[in-house]
Protein chains: 6
Amino acid sequence: MIYLTRRERFNAAHRMYREEWSDEKNYEVFGKCSNPNWHGHNYELFVTVRGEPDPHTGLLINLKEVSRILREYVIDRLDHKNINLEVDFMQGKIASTENLAMAIWDVLEPHFKSLGVALHTIQIKESENNIVEYQKNQ
Amino acid sequence: MIYLTRRERFNAAHRMYREEWSDEKNYEVFGKCSNPNWHGHNYELFVTVRGEPDPHTGLLINLKEVSRILREYVIDRLDHKNINLEVDFMQGKIASTENLAMAIWDVLEPHFKSLGVALHTIQIKESENNIVEYQKNQ
Amino acid sequence: MIYLTRRERFNAAHRMYREEWSDEKNYEVFGKCSNPNWHGHNYELFVTVRGEPDPHTGLLINLKEVSRILREYVIDRLDHKNINLEVDFMQGKIASTENLAMAIWDVLEPHFKSLGVALHTIQIKESENNIVEYQKNQ
Amino acid sequence: MIYLTRRERFNAAHRMYREEWSDEKNYEVFGKCSNPNWHGHNYELFVTVRGEPDPHTGLLINLKEVSRILREYVIDRLDHKNINLEVDFMQGKIASTENLAMAIWDVLEPHFKSLGVALHTIQIKESENNIVEYQKNQ
Amino acid sequence: MIYLTRRERFNAAHRMYREEWSDEKNYEVFGKCSNPNWHGHNYELFVTVRGEPDPHTGLLINLKEVSRILREYVIDRLDHKNINLEVDFMQGKIASTENLAMAIWDVLEPHFKSLGVALHTIQIKESENNIVEYQKNQ
Amino acid sequence: MIYLTRRERFNAAHRMYREEWSDEKNYEVFGKCSNPNWHGHNYELFVTVRGEPDPHTGLLINLKEVSRILREYVIDRLDHKNINLEVDFMQGKIASTENLAMAIWDVLEPHFKSLGVALHTIQIKESENNIVEYQKNQ
């Protein structure tokens, strides 16, 4: 089995909070990440797909295809955006890295399926110390 | 001459815009960095001081002192903040990395001077591709 | 399934050797890593836990909790220490990265279990070229 | 179970193309990677083996052994070489990173087996954005 | 004084050799870098310009402008190319990183001058261990 | 002017302390870095030389020469050693990164001078957050 990983980056603002909680309650749970004036990150996104390489090309999938899908469906909707306010696939969700990884999975899976490869993991590096990875039961 | 560099990190939101300009004009000049809903970065700050090491300790300056100064006067005021709205030393300034580096110089210089070392450069890495460095004429 | 990884760092001295062997025998097996005067590393520790995010917070586990556990039970006992002489959970063991990863697993597992998440892997990067990962059969 | 990863690096030239296709067809499929005048990369190779540490040494396998095997059978045959023209284990194959990872697996597996550890994954980082990993069904 | 650095990357093939020397003589001087079948690198290019920020924008220079210039005049001519055979501004020169840095300086200088900023340094990282930097006397 | 930087790495143990001070006084000044049982680091050494490239080779200096000098006179004497106890050129000096950088300068300068290039800076990265650089008045 071959696994191919493509890294893309986006810079975004977010805030960790639950709307029905007071600012105090949000601060108690989320600490400084709940700042009502937002903060932000340089997010690194690692998308891994798996399958068997095409014997005619030696490639699992054309990287230009991967890059185009990631750019069109994920990066262009997240980069230089406010994750809480502007990203449609995150509406109604807490803007945690965990939720972001799960939402990106759901956005990307059909596009890779239609190209004949399986989505394997969505990994997001929020900072050099904090990394979240998601694999949906399949 | 010995140069000692300490790296610290902060995550913040910002927006590039000039208040007296329309959103359209701001977008024309600053592109997606002018997004009114903010975006953000993992900033890396490299502060370099220079001087002669103390012959009794072999140290130019105690790193715990450097770290304490950076934390108290810079990082605690920037980390998980909105640079445009919440950072006092950036008020009335466009929240560019250039202006941020110059403002941090002015904040830090007296503290290092009082410890007997000269501030040499303020470097801010906004992303892996964009780096700004400032040296004040002295 | 969500996997969350937290990186922490520690700087320590160690020596690879087996007490009942002569210095020559130790050198034969461990090479320069057996130097009786010690050597050291900047170790990077990556601790991965897994589980389902809490639907109320969107978080698998509070990162401040993870960081506190790692600091209290692992980093404070290893950082700026001699692994052979001073680290209680390494006594009677050869100070290899393999043994260190297994020992850290045993130290951390109950603390994460009591927080409702499963420990998934302990990874230690001893240098940019050498990485050890441990997963206990569960 | 312990997993040990060793990183090695090599710099090589290659070209993505299929001999029976015209230059136009190759360009259509492989883009600028099909340049007939070659291009190249700083490849990073991560080889992971797995097993139980030897209780007498605390080591899964001696890293000097790992490094010697990688150097003799892989790095010396790839470094500063043209993958299409000069690397015997890539003859008759398209010089994709996928094929390279699979070929390196076949080269290395018997050497690690004879040392009593199992080869776990071959990972190749062709650039900071593109990573291929291979695990053979066993 | 503000210094702004932009990083760009390109992957290229090259060979170190002097045409009037035999292959043996080239090997004697340049070692495996003289391989007649080429080898290659992931080059990282760091271009630093200096000046005073524009008080209306807080910017030394618009990064999109920097990126456009680098892409048009340097990256598009080097990426996925053979430096010896295909890069016009390297014709008649030995394809060393030193010569490459000097040639890129001469290509870029007029473009930055016409934008009102001074070119400060051209730095090329050929590998994680080898870095060349050029500053032309001005 | 061309500047060429070569990176090398070494892993060593050290302790910050002044012999004529008590352990308490040493702890007061140097904190946990004064641990009598030692600690250690993965040091990264960046040596920069400067000059004009040789027009016959396009090289400032042969990198194999640089690497041989660094290995023979610096790395082999520091790697897997105790800086306080075993490194002759650090005897009688406090094992600070500042002193180490200055001592390495004095060790290396004559070797580069005899090759016709000037030593420009010695930089040591003790950790990802702490960097020391030395330039001797010349």
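Numbers below:
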quantity: Residue count, the stretch A:33-62 (criterion: within 18 Å of the chain's Cα centre (by Cα) and aliphatic (A, V, I, L, M)); calculated: 3
quantity: Listing of helices (runs of 4 or more DSSP H) fully contained in the stretch E:27-138 that carry 2 or more residues being touching a helix residue (DSSP H, G or I) at 6+ places or on another chain (Cβ under 8 Å) and under 21 Å from F:E52 (Cβ atoms); calculated: E:97-113
quantity: Matching entry among D:R9, D:R18 (being at pLDDT 95 or above, closer than 17 Å to D:L63 by Cα and open to solvent by 10 Å² or more (accessible area, probe 1.4 Å)); calculated: D:R9
quantity: The stretch E:30-41, residues that are open to solvent by less than 30 Å² (accessible area, probe 1.4 Å) and within 7 Å of another protein chain (Cβ to nearest Cβ); calculated: E:G31, E:N35, E:H39, E:G40, E:H41
quantity: Residue check for D:G92: at pLDDT 95 or above and at positive phi; calculated: yes
quantity: Of residues in the stretch B:91-119 being of a type outside the set (D, E, K, R), within 10 Å of another protein chain (Cβ to nearest Cβ) and open to solvent by less than 40 Å² (accessible area, probe 1.4 Å), the one nearest to B:W38 (Cα to Cα); calculated: B:A95
quantity: Filter result (of a type outside the set (D, E, K, R) and in a strand (DSSP E or B)) within the stretch B:6-26; calculated: B:F10, B:N11, B:A12, B:A13, B:H14
quantity: Those residues of the stretch C:73-129 which are of a type in the set (S, T, N, Q) and farther than 23 Å from C:F30 by Cα, in sequence order; calculated: C:S114, C:T121
quantity: Matching residues in the stretch C:51-77 - criterion: being in contact (Cβ under 8 Å) with a residue 60 or more places away in the chain and open to solvent by 60 Å² or more (accessible area, probe 1.4 Å); calculated: C:R71
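The values are calculated or read from the model by the stated rules, or taken from the named source; none is laboratory data. Please read these numbers as outputs of a predicted model, since none were measured by experiment. Note that each Cβ is placed from the backbone with ideal geometry, even for glycine, and that neighbours are counted across all protein chains shown. Side chains included, ligands, DNA and RNA excluded: accessible areas come from the protein's heavy atoms. Shrake-Rupley method; radii C 1.70, N 1.55, O 1.52, S 1.80 Å.
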